[in-house]
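The values are calculated or read from the model by the stated rules, or taken from the named source; none is laboratory data. As the structure is a prediction and not an experimental result, all values here were calculated from the model. Note that each Cβ is placed from the backbone with ideal geometry, even for glycine, and that neighbours are counted across all protein chains shown. For accessibility, only protein heavy atoms count, side chains too; no ligands or nucleic acids. Shrake-Rupley method; radii C 1.70, N 1.55, O 1.52, S 1.80 Å.
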Amino acid sequence: MKTPELLIKLSNAFGPVGYEDEVRKIIQEEIESYVDEVKVDNLGNLIAFKRGTGKKKVAFFTHIDEVSLVVSAKDERGFLRFDTLGGIDPKVLIAQRVKVVSKDGKVRRGVIGVLAPHLQKAADRKNIPPMDEMFIDVSMNPDYEKIEIGDFVVIDTEAFESNGKVIGKALDDRACAVISILVAKQLSKFSRFPDVYFVFTSREEVGGMGARVAAEAIQPDVGIAMDVTHAHKRTGIELGKGPAITVGGPNIHKGYFKMLDDVAKREGVKVQYEIAAGRTGTDADNVQIAGTGIPTLLVSLPNKFMHTPVEVVQVSDVEESARLLVNFLFELEEGEENEA
């Protein structure tokens, strides 16, 4: 499957926080022919292991859950109340179509409606309704009464490709899952590289527990978290100019950062830089403190409109990220020692 097709397939998959089964299945189908072992741990992380020379253990961490909603109440008219799983701006939800996936496995449609402007008071037209005043209308389903409290809801949208970009939901962080798959595929052509664990983590959007559990179990010599970062004039990060590697701050291992940066320069991989003065808000925060501590890097994919149904990533950034990381693994295999 070509990179844009895989990005689209993973974007469209249903995978709320802690319920990433459909996403795991797609990833396993794509990666299992390139690795030696695939398993799912007790917290729902998918872990794919590719055996190398055994000199070092490297683990990549990419989360596969998506920000979503969960039904918290319902009434006899077919209106649902909801809570959020992960950070969602209320403005994103107004007038959206949604999919409700019930415990019976059936998908039912709904809409987050808003009072027509003709019926609003003048003062209300200037205000954004708070989340606790919004409802999902599912009354168009003939069996809407079968929807239960605790059922999950995601925005009903289809990803698409345009001009070298893919646009859709949940590219945070499934676009980085594609990077891991590409790395595994490229490594299958070679014989000398470290042992590599590709960890597709659960529950990042609510605290990163999946990454912590997997890192504790694997205890890699190097942990590389991959997530998206904001492509925006405020950050100076742009689409199409390569991955952003995090420099500085207490979370990033200085020696391995220099090695990664040197590899990018040597191989002609365009990279961008961002600072993490404190917590990164990614799996890196949990990976670095697992066990007795793990040297950690953070590689970020530029992304526009994060946590909305129309996130945008550049296909070339995905592929260049994979090229950078494959060459970094080769460099690690050479046995260069890094000082903390």
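Within the range 103-149, the set of residues being in contact with a Ser or Thr (Cβ under 9 Å, 6 or more places away or on another chain), among the aliphatic types (A, V, I, L, M) and surrounded by 14 or more Cβ atoms within 10 Å (Cβ to Cβ) comprises Met131, Ile147.
Hey, does the range 235-245 have a residue that's open to solvent by 60 Å² or more (accessible area, probe 1.4 Å), without any contact (Cβ under 8 Å) to a residue 60 or more places away in the chain and under 22 Å from the mean Cα position of the chain (by Cα)? Yes, there is a match, as at least one residue in the range 235-245 is open to solvent by 60 Å² or more (accessible area, probe 1.4 Å), without any contact (Cβ under 8 Å) to a residue 60 or more places away in the chain and under 22 Å from the mean Cα position of the chain (by Cα).
List the strands (runs of 3 or more DSSP E) inside the range 1-63, counting only whole elements, that have at least 2 residues being open to solvent by 10 Å² or more (accessible area, probe 1.4 Å) and within 28 Å of Pro295 (Cβ to Cβ).
37-40, 46-50
The residue that is nearest to Met259 (Cα to Cα), among those in the range 278-305 that are open to solvent by 10 Å² or more (accessible area, probe 1.4 Å) and charged (D, E, K, R), is Arg279.
Scanning the range 254-311 for residues that are part of a loop (DSSP other than H, G, I, E, B) and farther than 24 Å from Glu204 by Cα yields Gly268, Val269, Lys270, Val271. Scanning the range 204-234 for residues that are over 22 Å from Gly18 (Cα atoms) and not in a strand (DSSP E or B), we see that the one that is most open to solvent (accessible area, probe 1.4 Å) is Arg234.
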